[in-house]
Every structure is written in structure tokens, then in C-alpha cells.
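The values are calculated or read from the model by the stated rules, or taken from the named source; none is laboratory data. These numbers come from a predicted model, not from an experiment. Positions of Cβ are generated from backbone atoms using ideal geometry, with glycine treated the same way; all protein chains shown enter the neighbour counts.
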Amino acid sequence: MRALNPRALCARGDLQVYMPEEKRVNVPKVVSTRRPQLKPKLGQHFLASDSFASQIVNALGDVSQNTVLEIGPGRGVLTSLLAKRTRRLIAVELDRVLAAQLRLRFGMFPNVEVIEADILSIDFDSLFGPKPGLSRPGIEFKPTPADVIGNLPYYLTSDILLRLFDYSKYFDTLVLLVQREVADRIAAPPGSRDYGLLSATAQLHARVEKLFTLPPAAFAPPPKVHSTALRLTMASRHQELGLTVNGYQEGFIDFLKLSFGQKRKTLWNNLKSTYPEPRLRAALSQARVKPADRAETLSLEESAALFLALHQNHNNS
């Protein structure tokens with residue numbers, strides 16, 4: 001069988017040449033773009049639409065001077081766009097084979113770093129915090145927030161979001177692909193059927209926008225559900241709600257978890273096992289919340305007022 005000339009292969013489209021403007025050093029001149037037809041090992045559904053990929057990356061805005069954290073780059077559809085636009089791109093991929101392929105494919109880009117790791121185990125303080133030897137006594141370190149983008153695994157969406165919120169000081173804008181039903185929950189207003197703990201937590205930390213919905217055909221293999229692109233602009237409401245003193249910031253999250261503990265139960269029934277009844281009754285009255293109300297009917301302002309009434313009065317007594 002006659003061997004084909006590499007130039008002929010490139011012309012046919014079997015191979016693609018990646019040639020950034022800067023001179024490449026010690027990098028293969030040609031990288032195969034044939035996608036392995038293997039069943040995903042971790043339940044991945046890879047984004048396979050170039051048009052949707054462009055819309056998703058565009059939703060971040062101008063990132064030419066920004067650091068972008070990409071969660072689960074997979075086969076690199078978003079990565080290929082981001083590598084050409086960002087000052088620094090950190091791609092975190094759990095799959096060992098995919099991580100190796102990404103390193104080979106983007107090894108020529110000095111602004112791209114591929115980390116093989118679970119995003120839930122990444123030490124964001126080490127990644128984005130002050131570097132040893134660079135801090136100065138009496139000078140507060142103020143990180144330059146990074147943007148975040150990614151196609152989140154459906155079964156880990158809540159865990160990943162909560163971890164990003166825990167380290168929200170390091171992030172600015174998040175553009176994430178999630179299951180449509182989860183996006184509806186995250187963006188749901190108080191009093192609606194979908195409003196719950198995830199809604200309240202997300203809206204406590206960020207402004208939430210639903211951008212557009214992707215059909216199953218936009219992914220390979222196609223999932224059985226639609227996906228929605230969300231944009232979350234970090235804008236903490238803790239100070240506005242009076243939660244930045246006396247350690248109330250973390251305590252309020254625990255209070256929300258308790259309030260939403262049993263969705264069909266009233267606030268009274270969810271809270272009475274933790275707070276003495278006289279204290280709970282007085283706080284409900286002070287916050288003008290009815291004992292028969294449910295957590296999903298309360299705005300963040302009302303939930304914060306009840307939490308503060310429970311704790312401030314107790315601390316002052």
C-alpha cells in the first residue's frame with residue numbers, strides 16, 4: 001500500500017496543523033484531530049457544536065487580559081477557542097487519557113496549562129492565592145479574579161457550584177453548561193416551585209442569567225436531556241444582608257440548609273429541632289415571618305432577617 005504524503009493528508013482533512021503566531025519549539029508540527037470513538041468512561045457528554053462553543057466563549061466577554069479556569073475541557077472544543085483569546089488558561093481535566101491528549105494538542109501554547117485533577121480537590125488558595133515569599137506584613141492580598149467556564153457533569157453540578165461559591169473571592173464571571181432543569185432551579189425566584197437551597201445559595205453569591213438552551217444533538221454522545229448555558233456574575237449579597245459580622249456568613253449557609261431540610265415541612269417544623277421554641281417564636285415574630293411559611297416562599301432578605309433575629313437576640317441576651 002502506497003504511503004500518503006502528509007501534505008496530502010492535511011489537504012484531505014485527516015490531519016490539522018496547529019500553528020499559532022509565535023514560533024513553536026519542541027512541539028509536534030502535526031496533531032491528529034480524529035476523535036476516539038470510545039464510550040465515555042466518566043459519563044461525559046462532550047460538546048460537539050462549534051457554533052454553540054463560540055456562543056459560550058463569547059458569553060465571557062473580552063478575556064484577552066484574563067485568567068480563565070476551564071472545568072472539564074474534554075476534547076477541547078472550548079479550549080481551542082480560549083487558547084487564542086486568554087492571557088492564561090488553566091484547564092482541569094479528570095480523565096487521564098483526555099488530559100494527555102490536551103497537553104499534546106496545546107503544548108505549543110505558552111498560555112495554556114492542563115491539570116489532571118478532580119475540580120473538587122483543587123486547592124484554589126494555592127492556585128490563585130498569594131505565592132510564598134511575595135506577601136508583605138500588613139498588606140492585604142487582593143487576588144485578580146479569574147473567569148470560569150465549563151460543561152459540568154450533570155451529577156456533580158451542585159457540588160462544583162458550591163465549591164466555587166466557597167472560593168468566590170477568586171472568581172468574577174462563570175459561564176457554565178448545566179442540565180436545563182438544574183438551570184431552572186438555580187435561576188428560580190422565591191415562591192416558585194423550583195426555588196430551593198441551590199437557588200438561594202447561588203443568588204446569595206451571584207447574579208444569575210439563563211443565556212440559551214442546547215439540544216442533545218449538540219453533544220457527543222447525545223444526552224437524554226437539554227442543557228442550558230448559565231452566566232453567573234459574582235456579586236455577594238452578604239454585606240447588604242448584614243451577614244458579614246460575627247461569623248454570620250458561614251452560619252447563614254447552615255441556616256439555609258436547615259430551613260430547606262424537608263421541603264414539604266414548614267419553617268417551624270424544620271427549625272424547631274435546633275432552636276428552642278420561645279426563641280424561635282420571638283425571632284419569627286420579629287422578622288415578620290409566619291411559622292406556617294415554607295423556606296421556598298421567603299426571599300433572601302426575609303431569610304436573613306429571620307437568621308439575624310435568631311442569633312443577634314440570643315447573643316445579646
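Things to note:
- For region 185-202, residues that are over 16 Å from SER303 (Cα atoms), touching a residue at least 24 places away in the same chain (Cβ under 8 Å) and in contact with an Asp or Glu (Cβ under 6 Å, 6 or more places away or on another chain) total 0.
- Given (1) within 21 Å of GLY196 (Cα to Cα); (2) in contact with a helix residue (DSSP H, G or I) (Cβ under 7 Å, 6 or more places away or on another chain), number of the condition ASP254 does not satisfy: (2)
- So VAL77, is it of a type outside the set (Phe, Trp, Tyr), touching a helix residue (DSSP H, G or I) at 6+ places or on another chain (Cβ under 9 Å) and surrounded by fewer than 24 Cβ atoms within 10 Å (Cβ to Cβ): yes
- Yes/no for THR228 being in the same structural domain as ALA59 (by TED's automatic domain parsing), within 16 Å of GLY150 (Cβ to Cβ) and β-branched (Val, Ile, Thr): yes
- Candidate set: region 45-61, residues that are assigned to a helix (DSSP H, G or I) and in contact (Cβ under 8 Å) with a residue 12 or more places away in the chain; chosen: the one surrounded by the most Cβ atoms within 10 Å (Cβ to Cβ): ILE56
- Only one of the numbered conditions (1) under 24 Å from the mean Cα position of the chain (by Cα); (2) at pLDDT below 95; (3) surrounded by 16 or more Cβ atoms within 10 Å (Cβ to Cβ) is violated by HIS311, and that is (1).
- Screening region 218-313 for helices (runs of 4 or more DSSP H) wholly inside it with 1 or more residues that are within 30 Å of ILE56 (Cβ to Cβ) returns the ranges 248-259.
- Test for LYS263: is it touching a Lys or Arg at 6+ places or on another chain (Cβ under 8 Å) and surrounded by fewer than 15 Cβ atoms within 10 Å (Cβ to Cβ): yes
- Scanning region 199-216 for residues that are closer than 13 Å to LEU161 by Cβ and part of a helix (DSSP H, G or I) yields SER199, ALA200, THR201, ALA202, GLN203, LEU204, HIS205.
- So ARG88, is it closer than 22 Å to VAL63 by Cα, assigned by TED's automatic domain parsing to the domain that holds LEU161, in contact (Cβ under 8 Å) with a residue 60 or more places away in the chain and among the basic types (Lys, Arg): no
- Test: GLU113 is closer than 22 Å to ALA218 by Cα and not assigned by TED's automatic domain parsing to the domain that holds PHE252: no
- From the list ALA229, ALA206, ALA283, the lone residue that is small (Gly, Ala, Ser), modelled with pLDDT of 95 or more and farther than 24 Å from SER158 by Cα is ALA283.
- A residue that is in contact with an Asp or Glu (Cβ under 6 Å, 6 or more places away or on another chain) and crowded, with 16+ Cβ neighbours inside 10 Å occurs somewhere in region 165-179.
- Which numbered condition HIS205 misses (of (1) crowded, with 19+ Cβ neighbours inside 10 Å; (2) without any contact (Cβ under 8 Å) to a residue 60 or more places away in the chain; (3) more than 27 Å from ASP118 (Cα to Cα)): (3)
- Candidate set: region 266-302, residues that are β-branched (Val, Ile, Thr) and within 19 Å of SER192 (Cα to Cα); chosen: the one surrounded by the most Cβ atoms within 10 Å (Cβ to Cβ): VAL289
- Filtered by the rule that a residue be in contact (Cβ under 8 Å) with a residue 24 or more places away in the chain, over 25 Å from ARG163 (Cα atoms) and touching a strand residue (DSSP E or B) at 6+ places or on another chain (Cβ under 8 Å), region 91-108 gives LEU104, ARG105, PHE106.
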